[in-house]
Structures are given as structure tokens and as C-alpha cells.
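J.: Here you go, one structure.
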Amino acid sequence: MLNFYKTDSGIVREKDAIDAGVWVQLIAPTHEECLKVATEMNADVADVEAALDIEEGSRIQLEDNYTLIIVDVPVVRTEDDAQNYTTIPLGMILTRENIVTICSEQTLVFAPFLNGQIRNFSTEETLRFVFQILYRVATLYQYDLRMIDRRRHNIEERIEGKTGNEDLLMLYGLDTTLVYFTTSLQANRTVIDKLRRYKRFEQTDEDQELLEDVIVENAQAVEMCSVYLNIVNGTRELMSSVINNRLSNTMKLLTSVTIVLAIPTMISGLYGMNVNTEWVPLASTQFGFAIICLIILVVCAITVWFLHKKDMLM
């Protein structure tokens, strides 16, 4: 999908073609659309399509008449009625008059720009636009990190109740997501540091202040990743300990039950031996069966009391 936008008195309006001050947006574009933009921008089509490769890493590349910037942005995907977080590359081709953004799928990065929610947004201020995009990316990471921590908290609240393999797998998925986020944010930080030394375009005081805000927000997102990763690991260890403890208690109870049931089995087995009745105690007594059953009950009761005292019963 290929779209052209330009701000007019602070309002974003859609255009029909590339002109000075136009923002060119490519979302999951075809090769023909990339070739068209590359031709009109006098850029290499491989650079235009670079961000469409999900394995492309964050980097900044200086060419004679444009600059290619690629960063990782967070996206949410729904699979099997569950939301999963991942990162995809976002490409930006920056010239003195235009900016081209390329992404393999629709993201939440650009919605505030199109809805007029970004203060002092102008498609003609291309470098500032790049900084505003990077600021938006950093805040998106922070938002998704808070959602991840909320999901972890919901799992933690269920630990005292019924927990199982699904919760463990979900925690493992959150752990993996945080690792990906950390890697992507650190790669983005490298790009931002290079932009800090960027001298191709003149940076105003407002641009430099915005860039400092980007650096702070990205660093905060990295710190949040580190903290939440430790918390998720702690929650997973706690859940594993709780599950192991429950299993231990169950095995302890089953062992105690087995011990108690072994007493009547052993006694009845001895009395069931095919021997002369004169050698079997209480065999000739009038209430011998009842006495033997009473003895079994007493021995079982003493055993249960002893096991309870030794904390072998739950």
C-alpha cells in the first residue's frame, strides 16, 4: 500500500504524488510500488525494500542523496485467541525534502501522526519527523512492556489457585518477548547515538531537545525490560516451586494412605494363611473377627496420628 501525506496548517492531508514536503508511506508494499518510489526518490530499490525483511537489523546507512534508517518497532499479533508481542523492522529514507517510511505491516506508530495528535508535526521538517517517530517507538515499547507486566501479574494472582502448564508456557513466552525487546531496544539505541552525531542536516535547538527526549525514553524502555525480565524469571521460579510443592504434598499424602492401607492388608493376609487354627490367635474365640477388626482400626488410628504428628498428612 502506497500513500502520500503532507501537513497543511497542522492538518495531515493525503496527496496524489510525491512533491516537496510530502511523506511517502509504504505499508506491505509490492515490488512495483517500491520500484516506483525508488525511481522518484533516486534511491536504490534494495534500500527501499530492506525493512520488509523481518530479519533486518537496526542500522543507519548514509548515501549521497539520502539516509536510510532502520529501527525495530513492537507489534502485537493474535494467534490462537492469544496476543503475542514481537518486533519488526521499520525503515525510513530521509532526504532534505521528503521522508519515506517502509514497514511490512500496519503498526500503531503512525496513527497519532495521521490523527493530528502529535504536537508541532510537519512533514516538511523531515529530521524532526524522524525524531518524533523514534520517540513514538520508544513510548510504544513502554506501553507494551506495561501490558506484559500486567499479564504476568494476572498469572501471579492465579498461583495460589489452579495453575498449570499453560501459565508456565505463557511466562516462558513473556520471557522470550522481553529478551527480543531488550535486543531490539539496544540496537535502536545504537542508531539513536549515531543520529546524535548526525551532521548532514542542521539540527535546531528544538530538534536536539527532542532527540534528548528520545534517548531518555529509549533508555527507560531498556531499564523496564531489564526489571520486568527479572520479575518474570522470579514469577516463573515461584510457580515452579509451588507446583513442585503441590506434587510433593500429593506424593506425601499418597504414601501415607498406602502405609495406612498396608496394615489391614498385612493382618488379613496373615490370618488368611492355610495353617491349623489352633496356632492362629483368636481363631476359636466367639467374637474373634470383631476383635481382629477392632485391633486393625486401633493400629490404623495410631498410625494416622503418628503420621499427622510427623506432618506426613496434609
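The values are calculated or read from the model by the stated rules, or taken from the named source; none is laboratory data. Quick caveat: nothing in here was measured; it's all calculated off a predicted structure. Note: ideal-geometry Cβ built from the backbone for every residue, glycine included; neighbour counts use all protein chains shown. Ligands, DNA and RNA are excluded from the accessible area calculation, which covers all protein heavy atoms including side chains. Shrake-Rupley method; radii C 1.70, N 1.55, O 1.52, S 1.80 Å.
J.: Using a 1.4 angstrom probe with every protein chain in place, what is the largest-first accessible-area order of S58, S284, S226?
T.: Numbers: S58 25, S284 105, S226 55 Å².
Putting S58, S284, S226 in descending order of accessible area: S284, S226, S58.
J.: Please work out the average accessible area per residue across the chain, using the 1.4 Å probe convention, and give it in Å². It would help to have the intermediate numbers written out before the result.
T.: Values: 17810 Å² over 314 residues.
I get 57 Å² per residue for this part.
J.: Calculate, in nm to one decimal, what M266 and E166 gain on full extension: separation in residues at 0.36 nm each, minus their alpha carbon distance.
T.: Between M266 and E166, full extension yields an extra 31.7 nm.
J.: Report, by chain and number, residues whose modeled amide H sits under 5 Å from the one on W23, excluding near sequence neighbours (fewer than 5 apart, same chain).
T.: Counting only residues 5 or more places away or on other chains, the set is Y5, K6.
J.: Which ³J(HN,Hα) values in Hz, rounded to whole numbers, follow from the phi angles of the range 224-231 under the Karplus curve 6.51 cos²θ - 1.76 cosθ + 1.60, where θ = phi - 60° and Gly and Pro get x?
T.: 4, 4, 5, 5, 5, 5, 5, 5
J.: Suppose R0 equals 22 Å; then what is the FRET efficiency for T78 and Q117 from their Cβ-Cβ distance, rounded to the nearest 0.05? Before the final figure, lay out each step's value.
T.: Numbers: r = 25 Å, r/R0 = 1.12.
Efficiency computed from Cβ-Cβ geometry: 0.35.
J.: Something else: So, with a 1.4 angstrom probe, what is the percent of accessible area on the range 21-111 that is carbon and sulfur?
T.: Details: 1750 of 3920 Å².
That share works out to 45 percent.
J.: With the full set of protein chains in place, find how many percent of the accessible area of the range 208-314 is carbon and sulfur; take the probe as 1.4 Å.
T.: Values: 4950 of 7380 Å².
C and S fraction of accessible area: 67 percent.
J.: For V260, what accessible surface area do you get with a 1.4 Å probe? Give it in Å², rounded to 10.
T.: 30
J.: Name the residue, out of A50, A301, A38, whose mean-square fluctuation peaks in a Gaussian network model built on the chain with Cα pairs under 10 Å.
T.: Evaluated over the chain, the most mobile residue of the options is A301.
J.: Please state, to two decimals, what the Cα-based radius of gyration of the chain comes to when divided by 2.2 N^0.38 Å (N = residues).
T.: 1.76
J.: Could you calculate the FRET efficiency of V298 with L254 from 1/(1 + (r/R0)^6), where r is the beta carbon distance between them and R0 is 25 Å, rounded to 0.05? It would help to have the intermediate numbers written out before the result.
T.: Numbers: r = 23 Å, r/R0 = 0.94.
After rounding to 0.05, the efficiency reads 0.60.
J.: Further question: Under a crude label model (7 Å from the Cα following the beta-carbon direction), how far is I291 from E40 in nanometres?
T.: It works out to 10.8 nm between the two label points.
J.: When the chain is fully extended, how far beyond the present Cα-Cα distance does W305 get from Y180, taking 0.36 nm per residue of separation? Could you put the intermediate results ahead of the total?
T.: Values: separation 125, 0.36 × 125 = 45.00 nm, distance 5.44 nm.
That works out to 39.6 nm of additional length.
J.: Pop the C-beta distance of E206 and N245 into the FRET formula with R0 = 51 Å and round what comes out to the nearest 0.05. Write out the running numbers ahead of the final one.
T.: Details: r = 58 Å, r/R0 = 1.13.
E(calc), rounded to 0.05, equals 0.30.
J.: What residue among G269, G173, G116 has the largest mean-square fluctuation in a Gaussian network model of the chain, using Cα springs under 10 Å?
T.: G269
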